1. In the list 66, 118, which residue meets the criterion of being touching a residue at least 12 places away in the same chain (Cβ under 8 Å), part of a helix (DSSP H, G or I) and open to solvent by 30 Å² or more (accessible area, probe 1.4 Å)?
2. Considering only region 78-115, state which residues are closer than 18 Å to residue 63 by Cβ, in contact with a Pro (Cβ under 9 Å, 6 or more places away or on another chain) and open to solvent by 70 Å² or more (accessible area, probe 1.4 Å).
3. Could you look through region 121-136, keep only residues that are within 23 Å of the chain's Cα centre (by Cα) and open to solvent by 80 Å² or more (accessible area, probe 1.4 Å), and pick out the one that is modelled with the lowest pLDDT?
4. So which of 2, 93, 54 ends up being modelled with pLDDT of 85 or more and either touching a helix residue (DSSP H, G or I) at 6+ places or on another chain (Cβ under 6 Å) or of a type outside the set (Asp, Glu) (or both)?
5. Can you tell me which residues in region 121-134 are in contact with a strand residue (DSSP E or B) (Cβ under 9 Å, 6 or more places away or on another chain) and either in a helix (DSSP H, G or I) or under 16 Å from residue 92 (Cβ atoms) (or both)?
6. Could you please let me know if residue 75 is open to solvent by 50 Å² or more (accessible area, probe 1.4 Å), among the charged types (D, E, K, R) and at pLDDT 80 or above?
Amino acid sequence: MALKRRQKISPSFSMSSMTDLIFLLLIFFMITSTMVSPNAIKVLLPQGKEQTSAKPMARIVIDKDLNYYGGFGNEKEKPMLLEDITPFLIQCAQKEPEMYVALYADESIPYREIVQILNIANENHFKMVLATRRPDKR
């Protein structure tokens with residue numbers, strides 16, 4: 001009677017499927033991390049020594065090309081004209097009466113542009129915060 005010998009099972013482990021999975025996860029996180037804020041507005045803020053603890057709700061951004069943008073809460077900033085800022089801020093104040101307005105102005109823009117926004121806030125009794133960047137640590 002012929003007995004069949006059992007084939008021995010190799011105790012080795014193949015890592016190829018695990019590396020494929022790791023690379024897929026890596027690609028997934030790289031792609032999704034670029035979608036977080038793809039159209040962020042680049043503004044070089046002036047330096048300031050003090051940082052405020054106020055949490056602004058509305059944001060007005062003026063970039064180096066004198067383009068105006070407005071955003072409220074977690075929504076993305078939308079392009080707007082100077083004359084659209086007052087109705088935008090009034091609409092935001094109706095949603096949140098105790099809001100702060102943060103002004104993000106590039107350090108290269110003329111001072112009169114900042115004063116225009118400050119005048120709008122003063123006329124409508126909005127609390128205004130000027131955004132600055134943290135000083136470089138040396």
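The values are calculated or read from the model by the stated rules, or taken from the named source; none is laboratory data. Keep in mind that what you see is a predicted model, and the values were worked out from it rather than measured. Virtual Cβ from ideal backbone geometry, glycine too; neighbours counted across all protein chains shown. With ligands, DNA and RNA removed, areas are computed over all heavy atoms of the protein, side chains included. Shrake-Rupley method; radii C 1.70, N 1.55, O 1.52, S 1.80 Å.
1. 118
2. 107, the sole residue that qualifies.
3. 136
4. 93 is the lone residue from the list that is modelled with pLDDT of 85 or more and either touching a helix residue (DSSP H, G or I) at 6+ places or on another chain (Cβ under 6 Å) or of a type outside the set (Asp, Glu) (or both).
5. 121, 122, 126, 127, 128, 129
6. Against the criterion (open to solvent by 50 Å² or more (accessible area, probe 1.4 Å), among the charged types (D, E, K, R) and at pLDDT 80 or above), residue 75 qualifies.
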